[in-house]
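Colleague: A single structure is presented below for examination.
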Amino acid sequence: MYYANYVHSGYWPSYYRHGNPGKPLTFVLVHGSWADSSFWRSVGAELAARGHIVYAPEYPGHGSDPNTNVTHGMLSKAVADFIIGHNLQDVILVGHSFGGSVVQKAAELLPDRLKRMVFMDGFVVGDGESLADQFPPAARSGFEQLRKASGANDTIMLPYPLFRDNFVNLADEALARQLYSEIRPEPAKPLFEKLDLKRFYALQTPRSYLFLTGDNAIQQGEGYGWHPHMSSRLGMFRLVVAEGDHMTYFRTQPAYYATKLIEASRD
């Protein structure tokens, strides 16, 4: 058994492990806002250690790319191009947070290459809506104000108190500060674009929703929230429930999340 890294320019290395007694799953892990592909590093390594093939592509306006003038279409196309460019088949396409909306649009471009979609507290946007539309009015207004304050950069940076209470509420203070130091301003345009998702909602691709019970990034309540509000848009889906807030356990409990992702991805 051994690991071998495959490095693709502009993307985080993927991991392979050989010697798995069963057929490995092929995961493509899509990160969310205020993150880059390294968000998946620990969970990806755990999946690989269990014999699975793991890719975590980066997309425009994130990671080392300084250009914040990007569109949602550019992001989903980058993920689809990565899958096609590496000739991946039977893909488990996983989207966390904003990455859920990227999975929705990327799936429209290559449904024949997908085995299953997994939304890990991922946005499931309604046809004709934007990601920002999924937030209660007060939160949406707050994001609009942060966007305006960024000026020509057209980005949104989370204030620490909001990040602490809504994204890493289960972390201790030291870890919360560390995680906050790693985020960067998020390109705003993709969050506010209205998405045509008619083709997505016509797909027959199997889908799962992995719900994190301590995730407070969206106010949970009538008309809002991860599950059952957004998950129910998937039609027939597999529900897997796990502990965790929006970001903390990706760093502190990667083996646990790897187990839950495999559960969400099984036949």
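The values are calculated or read from the model by the stated rules, or taken from the named source; none is laboratory data. Remember, it's a predicted structure, so these values are computed and weren't measured experimentally. Note that each Cβ is placed from the backbone with ideal geometry, even for glycine, and that neighbours are counted across all protein chains shown.
Colleague: If I ask for residues that are in a loop (DSSP other than H, G, I, E, B) and among the aliphatic types (A, V, I, L, M), which ones from the stretch 97-148 would you list?
Modeller: Within the stretch 97-148, LEU110, VAL124, VAL125, LEU131 meet the criteria.
Colleague: Follow-up question, since we're still on this one. Of the residues ALA149, ALA188, only one is of a type outside the set (D, E, K, R), in contact with a helix residue (DSSP H, G or I) (Cβ under 7 Å, 6 or more places away or on another chain) and modelled with pLDDT of 95 or more; which?
Modeller: Checking each option against the conditions leaves just ALA188.
Quick grid of which residues meet (1) among the aromatic types (Phe, Trp, Tyr); (2) touching a strand residue (DSSP E or B) at 6+ places or on another chain (Cβ under 7 Å); (3) at pLDDT below 95:
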position: ALA35; (1), (2), (3): no, no, no
position: PHE39; (1), (2), (3): yes, no, no
position: THR71; (1), (2), (3): no, no, no
position: GLN89; (1), (2), (3): no, no, no
position: VAL103; (1), (2), (3): no, yes, no
position: ARG113; (1), (2), (3): no, yes, no
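Yes/no per residue for (1) within 15 Å of TRP34 (Cβ to Cβ); (2) not charged (D, E, K, R):
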residue	(1), (2)
ASP90	no, no
SER97	yes, yes
ALA106	no, yes
GLY122	yes, yes
ASP133	no, no
PRO137	no, yes
GLY142	yes, yes
ARG164	yes, no
